[in-house]
Amino acid sequence: MAVAVTIGRRQLVYSCVPQVVVPVSRALQVMTPHLHHIRCITLLAIAQLHAPELAALLRHSMPVLQSFTVEMDVKAERTEATVQALEIAPELFPALQELDLTRIHLLPSRVLRQVSFLNLSFWPLGNPPLALENITAILQELVNIEELKLRLIRCMDDADVPQPVDLPRITLPRLRKLLVVDCPTHVTKHVLALLSLPPSSRITIERHVSEPQNQFDMEGLAEMLLEGNRALIPGDRSGLPILFHATAVDISMLDFMHGITATSPPATETGESGCFKCQLSFPFVPDPEDAPIRLLDDFLDICHAAPVEVVHVVVHADNLPNVDWRAGLAPFPKLRELTIVSYDGEAHHIFAALNPDSAPEGTIKEERVICPRLRKLSIVACKASSNAALLPAVADCLERRQTELQECEGLAELKLYLRDGEAAEEHDWKASFRVALEQLVDNLICEDSHALSALSHLPTIYNSSIHADSVNLYSRTELARASEGESYWTI
């Protein structure tokens, strides 16, 4: 490991020998003469027994220190010993801007008012137990925060006990990025309910589900999948303006991951787009009988108040027929562009949903056609000639929409990038589709989805996730293994 002190633009290196443990006392001896000149300090994998020396370090004045990173040893996370509390006096650290703490309980302090970057990870359980009020007190100090990250922040509050709703919202006018990862549901909802964020902020909420170890865990997973990402968002969303301004939405419904990303247009003043991303990852394919997921409920719940115009969906082929496409898309009358990516999926289900004849009995005439402003429709990687129902479903859908819309504009562009297992049949399906559909749509494109150029117009996530089994999952085990080891200080 290395011990280095950043002074101005220079870095003084103490040791670069791998696996060499530098005693805390020696590290402090190296640092002490330079405390008034150090700009950046990083302390990694500190054992609990060295906590007093860490506290002693923070009693020194460091007038030019800008960045401070501290990580307690991973063993601190596994025990319920007295929580290591860290307090930073603002008069000792007048230049501090970035604070990164792992397995440490941060005490509220006025120094947080000057911090622009804060990362709190693996908040330990312990004595005294930490509560939501601890998080609230910290958030109230972050008046100049630009980037906030919260990972595995656990609180002992009972999730079933209603939390106070009379707390004033905390406005963070400079916040650009908010990341909340693997925090308990009630913690995530508490944070989002408290904050009032700029429309251009980029918000990411992620949950990574561990492998179930018993039937109780399995039931918990089934409940989590049924609740979906929407369970993380509070009922009052007035502090999340992105959910009222988003015009583009990306939806992922893969076997190992469900996610939704909503994006707003660039702001006139800053040119920056707001973004809200919510993602749930799990370690195996759930049995539909154990987790009867209504796949578009997240989209409906999270985006129902937004003027959505563009939707891109990646859906596993087995899930595609289980989606109620009509119910999921009908509440968005401003939708003008829709892309569905489903490797070997049966695309006729989508066209059946867009067909006015699929409207339930008794539907009034004005509501028979869903998404009346839809102008562009792209179907990517679904089956071509292997499903005889596809071409009739497409033709009937386009004809019926033209009839119902009458003088209104119908579909202007239809792109079919389909898969066909037999190369000899490729020309046949393309030719038959063109003959049957060319009079029903202004711009018709029929191509084989094997051509990479066919996917060039899609976001990167679709190119990398076109095969649903190629999803990279978060591994808490690898993270813990990387954090194992003896105490050392990198300064």
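The values are calculated or read from the model by the stated rules, or taken from the named source; none is laboratory data. Remember, it's a predicted structure, so these values are computed and weren't measured experimentally. Positions of Cβ are backbone-derived with ideal geometry, glycine not excepted, and every protein chain shown enters the neighbour counts. When the accessible area is computed, the model is the full protein with side chains, heavy atoms only, and any ligands, DNA or RNA have been set aside. Shrake-Rupley method; radii C 1.70, N 1.55, O 1.52, S 1.80 Å.
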Convert 4 °C to kelvin, take the viscosity as 1.567 mPa s, use the Kirkwood radius over C-alpha pairs of the stretch 302-425 as Rh, and evaluate the Stokes-Einstein diffusion coefficient in µm²/s, rounded to a whole number. 87
³J(HN,Hα), Karplus 6.51/-1.76/1.60, whole Hz, each residue of the stretch 434-447, x for Gly, Pro: 5, 4, 7, 10, 5, 8, 9, 8, 5, 10, 10, 10, 10, 9
Any chance you could look up the accessible area of Lys376 with a 1.4 Å probe, heavy atoms only, rounded to 10 Å²? 90
Amide H proximity to Thr171 below 5 Å, modelled H, separation 5+ or other chain, gives Ser196
Taking Cα pairs closer than 8 Å and at least 6 residues apart, the relative contact order of the stretch 302-375 in percent is 38
Accessible area, probe 1.4 Å, largest first, for residues Arg103, Arg202, Arg110, Arg151: Arg110, Arg202, Arg151, Arg103
Any residue on another chain or 5+ positions along whose placed amide H is under 5 Å from the amide H of Asp324 is listed here as Leu295, Leu296
What net charge do the residues around Leu338 carry, taking every other residue with its C-beta under 14 Å from that of Leu338, with Lys and Arg at +1 and Asp and Glu at -1? +4
Can you compute 3J(HN,Hα) from phi for each residue in the stretch 338-348, using the Karplus curve 6.51 cos²θ - 1.76 cosθ + 1.60 with θ = phi - 60°, rounded to whole Hz and x for Gly and Pro? 9, 10, 10, 10, 8, 5, 6, x, 9, 6, 5
Around Pro392, under 14 Å between beta carbons, what's the net of Lys plus Arg minus Asp minus Glu among the other residues? -3
Label-point gap, in nm, between Ala85 and Asp324 - each point 7 angstrom along Cα→Cβ: 5.1
Per-residue ³J(HN,Hα) for the stretch 265-282, Karplus 6.51 cos²θ - 1.76 cosθ + 1.60, θ = phi - 60°, Hz, x for Gly and Pro: x, x, 5, 4, 6, 9, x, 9, 9, x, 8, 10, 10, 10, 9, 10, 10, 9
If each K or R counts +1 and each D or E counts -1, the residues other than Ser281 whose Cβ falls under 9 Å of its Cβ total 0
With point charges of +1 on the Cβ of Lys and Arg and -1 on the Cβ of Asp and Glu, referenced to the Cα centre of the stretch 327-408, which listed residue (Leu338, Pro392, Leu405) lies farthest in the positive direction of the dipole? Leu338
Once you have the Cα-Cα distance between Arg26 and Glu413, take 0.36 nm times their residue separation minus that, and quote the gain in nm to one decimal. 132.4 nm
Glu53 paired with Asp357, simple spin-label distance in nm, labels 7 Å along Cα-to-beta-carbon: 7.9
Taking all protein chains together and a probe of 1.4 Å, list Ser378, Ser358 from the most accessible to the least accessible. Ser358, Ser378
Any idea what the dipole of the stretch 301-434 comes to, in debye rounded to 20, about its Cα centre with Lys/Arg Cβ at +1 and Asp/Glu Cβ at -1? 380
What full-extension length gain, to one decimal in nm, is calculated for Arg110 and Met156 as 0.36 nm per residue of separation minus the Cα-Cα distance? 14.0 nm
Beyond a 28 Å Cα-Cα separation, which of these cross-linked pairs lie in this structure: Lys177/Lys383; Lys277/Lys376; Lys189/Lys376? Lys177/Lys383; Lys189/Lys376
With label points set 7 Å from each Cα along the Cα-to-Cβ direction at Ala267 and Thr69, the distance between them in nm comes to 2.9
The stretch 350-420 - convex hull of alpha carbons, volume per residue in Å³: 80
